[in-house]
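Shown next, in structure tokens, is the structure this report addresses.
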Amino acid sequence: HDLGITAGVQISFGRSGVSYQSHMDTGGGHRYHSYGVRLGALDRNIRDHYFNRNKQYVDVAVRGSLVYQNYRFFDNRTTFLSILESIEIAKKDPSVKGIVVNTTNMNVDPAKAWELYEQLVAFRETGKEVVVYVERGGMSHLYLIAAASYVVMDPMGTMQIPGYIFGRTYLAEFLEEVGIGVQEIRKADYKTAAESFTRTSMSDAEREQISAIVTQWYEGIREIISEEKGLEEDLFDDMINRGLVVSPDDLVEAGIVDTLARFDHVQGILNKLENRRVSRTSARSLYTNNLPSDTRWGPEKVIQVLYAEGSTSMTSGIRARVLANAIKQAAANPSVKAIVMRVDSPGGDALASDIVAEQIKNAANRKPVIISMGFVAASGGYWIAMEADSIVATPQTITGSIGVIMPHLYDDGLQRKLRLHSDFVSRGESADLSHGPSLPLIGLQLPGRPLREDEMEHFDTYITSMYDLFIDRVAEGRNLEADDVREIAGGRVWTGRDARDKGLVDELGGLQTAIQIAKEAAGIKPGDKVILQEGPATQPFSLPMLLGQVFTSSGNRMSQTTTDPMKNYIEMIIDHHGQPLMIMPFEEFSWIYYIQD
């Protein structure tokens with residue numbers, strides 16, 4: 001029966017504010033006034049939004065290999081997406097004048113380095129400054145140096161930039177000497193995964209495809225440095241050719257580095273560049289990261305970011321069943337508007353790859369599914385990517401390797417040399433193929449004999465059918481003719497740039513590019529708030545990492561307690577003997593172990 005009218009104003013100064021409210025009755029007569037003072041959490045405010053522009057620099061430490069996901073406890077490693085998001089938030093924050101990137105202990109692969117370069121260049125193109133600090137660097141550091149508007153290097157630091165090399169260790173004579181035989185069934189000249197076991201040197205096919213990759217990596221960074229730093233290409237070549245160790249003074253003379261100083265002196269350098277006292281902050285302290293959560297009206301808009309990292313395996317690597325279930329849940333969740341999957345996998349078990357690929361195909365029928373390829377997304381790693389709506393790869397990505405292989409390692413005298421004896425009772429002509437000596441201490445069991453000719457023919461037929469299926473699935477997923485896919489298949493690996501030209505990839509870019517494509521495909525407007533939800537769920541903690549933190553001086557390094565990747569690789573081959581493998585050579589697996597600090 002009584003209509004009240006109220007009007008007021010609130011003024012926020014960040015973590016404090018004042019407010020006034022007037023209350024009137026139905027006739028417009030005064031009832032009472034309310035006055036308020038707020039102290040506490042950061043809120044939208046006049047100072048930060050309008051008057052605090054270009055005031056501060058943001059510190060971003062690019063440490064370690066930038067893992068994709070942390071364990072839930074006892075894991076302080078820096079994640080890749082958190083660095084990309086920190087740069088993106090700093091780019092949009094009006095209070096930020098520049099960014100200081102500390103590359104101390106950075107150890108990233110060429111693909112991640114290129115993505116960081118792209119992100120920093122986009123930041124710099126908004127008119128803001130990128131200051132990069134280098135203590136000791138390598139080839140990947142050149143990408144961040146190229147993105148910088150100012151480079152600071154420690155006067156006692158070094159750059160080891162000898163170029164790129166990609167080699168293999170060939171074990172044929174070693175295996176023969178110790179008494180391990182190897183048989184190989186493949187239907188692709190470039191499918192070289194077993195050549196480490198069957199050869200003593202690089203095959204012509206392997207040399208051809210690896211030469212193309214190394215050449216593109218080298219020419220890519222040379223072009224970037226030449227464009228960004230104004231260094232002539234022949235001078236870049238000269239620097240690389242003597243680049244086993246390049247001194248800081250030589251880098252200053254070449255125009256790669258601007259000044260020499262310790263990280264403690266970066267503050268003074270910033271003050272000098274800006275002609276004022278520069279304030280510095282962390283990305284977590286930025287205005288955008290501390291706004292209240294009441295900035296939306298209605299349901300959250302979520303982009304599900306999933307990671308398929310490591311070998312395509314059921315229980316390790318990508319954890320196929322766990323990953324497939326995460327895709328299924330994301331597809332059914334109405335809040336998830338699109339799915340982005342980062343694939344960094346050299347393949348492995350064909351079944352594990354297909355379980356994930358099936359869920360990607362199902363999800364793509366309900367909402368956009370975008371693939372972002374990391375350093376290696378080939379063989380079984382490409383199988384799980386080919387059903388998506390769109391595939392994004394970096395120029396440095398190794399992808400393709402469309403082929404199937406079956407290596408067979410067996411006892412060829414090892415049992416006799418080690419004085420081992422095994423015996424069995426069997427029924428079935430090939431039952432004994434799965435039996436052999438169990439090697440003490442290392443826990444591997446080798447099949448006791450080679451494949452017979454009839455068994456070779458059987459597996460050959462099976463591998464051929466699997467290869468034809470791979471061709472057909474790529475053709476269907478990528479809207480290509482099967483004959484055209486066959487021409488670029490054969491187990492051949494391609495860079496991301498070549499894969500785009502061949503139709504295996506849609507666009508060059510990184511994880512942020514894939515996320516942007518997903519937003520557009522889902523109809524999300526540029527100003528809409530989006531939550532990036534990462535998965536699948538990780539384990540609570542890593543016992544090797546925890547022990548490393550307790551008993552070693554470098555607590556963030558897993559490598560001191562991680563099992564030998566070569567042993568894991570051979571175990572996978574032996575465990576899957578008689579089964580088709582969509583697998584890359586060992587070196588691609590060792591890279592994944594190497595970059596996981």
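The values are calculated or read from the model by the stated rules, or taken from the named source; none is laboratory data. Remember, predicted model here, so these are calculated numbers, not experimental data. Virtual Cβ from ideal backbone geometry, glycine too; neighbours counted across all protein chains shown. The protein model used for the area step is the full one, side chains on, heavy atoms only, and it has no ligands, DNA or RNA in it. Shrake-Rupley method; radii C 1.70, N 1.55, O 1.52, S 1.80 Å.
Just so you know, in the range 270-325 the residues that are in contact with a Ser or Thr (Cβ under 6 Å, 6 or more places away or on another chain) and in a strand (DSSP E or B) include one that is most open to solvent (accessible area, probe 1.4 Å), and it is Gly317. Name the pairs whose Cβ atoms lie under 8 Å apart, with the first residue in the range 306-323 and closer than 14 Å to Asn568 by Cβ, the second in a loop (DSSP other than H, G, I, E, B) and open to solvent by 40 Å² or more (accessible area, probe 1.4 Å), and 6 or more positions between them or separate chains? Pairs that qualify, where the first residue is closer than 14 Å to Asn568 by Cβ and the partner is in a loop (DSSP other than H, G, I, E, B) and open to solvent by 40 Å² or more (accessible area, probe 1.4 Å), are Gly310/Ser316; Ser313/Arg319. Just checking, does the range 543-557 include any residue being hydrophobic (A, V, I, L, M, F, W, C) and modelled with pLDDT under 60? Yes; the residues of the range 543-557 include at least one that is hydrophobic (A, V, I, L, M, F, W, C) and modelled with pLDDT under 60. Taking the conditions (1) under 30 Å from Glu118 (Cβ atoms); (2) outside any strand (DSSP E or B) in turn, Lys97 satisfies each one other than (2). Annotation: of all residues in the range 252-269 being farther than 22 Å from Val60 by Cβ and out of contact with any helix residue (DSSP H, G or I) (no Cβ under 8 Å at 6 or more places or on another chain), the one that is most open to solvent (accessible area, probe 1.4 Å) is Glu253.
Annotation note: of Val343, Val305, the sole residue that is closer than 30 Å to Ala41 by Cβ and modelled with pLDDT of 95 or more is Val305. State whether the residues of the range 58-76 include one that is over 27 Å from the mean Cα position of the chain (by Cα), of a type outside the set (Phe, Trp, Tyr) and part of a strand (DSSP E or B). So far as the range 58-76 goes, no, none of its residues is over 27 Å from the mean Cα position of the chain (by Cα), of a type outside the set (Phe, Trp, Tyr) and part of a strand (DSSP E or B). Only one of the numbered conditions (1) buried (at least 21 other Cβ atoms within 10 Å of the Cβ); (2) under 29 Å from Ala537 (Cα atoms) is not met by Arg63, and that is (1).
In the range 96-105, the count of residues that are open to solvent by 30 Å² or more (accessible area, probe 1.4 Å) and among the basic types (Lys, Arg) is one or more. How many residues, within the range 344-380, are open to solvent by 10 Å² or more (accessible area, probe 1.4 Å), in a helix (DSSP H, G or I) and closer than 16 Å to Lys328 by Cα? Number of matching residues: 7.
Condition test on Glu476, is it loosely packed, with under 13 Cβ neighbours inside 10 Å and over 30 Å from Ala113 (Cα atoms)?
The answer is no for Glu476.
Modelled with pLDDT of 90 or more, among the acidic types (Asp, Glu) and open to solvent by less than 20 Å² (accessible area, probe 1.4 Å): does that describe Glu195? No; evaluated as a whole, the condition is false for this residue. Can you confirm whether the range 103-121 contains a residue that is under 30 Å from Ile11 (Cα atoms) and among the small types (Gly, Ala, Ser)? No, because not a single residue in the range 103-121 is under 30 Å from Ile11 (Cα atoms) and among the small types (Gly, Ala, Ser). For the range 491-512, the condition of being out of contact with any helix residue (DSSP H, G or I) (no Cβ under 7 Å at 6 or more places or on another chain), part of a loop (DSSP other than H, G, I, E, B), buried (at least 20 other Cβ atoms within 10 Å of the Cβ) and modelled with pLDDT of 90 or more holds for at least one residue.
In the range 381-432, how many residues are open to solvent by 10 Å² or more (accessible area, probe 1.4 Å), of a type in the set (A, V, I, L, M, F, W, C) and part of a helix (DSSP H, G or I)? Qualifying residue count, the range 381-432: 2. Scanning the range 202-221 for residues that are part of a helix (DSSP H, G or I), open to solvent by less than 40 Å² (accessible area, probe 1.4 Å) and not acidic (Asp, Glu) yields Ala205, Gln209, Ile210, Ala212, Ile213, Val214, Trp217, Gly220, Ile221. Just one residue in the set Arg136, Arg72 is under 30 Å from Ser211 (Cα atoms) and either of a type outside the set (Asp, Glu) or touching a helix residue (DSSP H, G or I) at 6+ places or on another chain (Cβ under 6 Å) (or both); that residue is Arg136.
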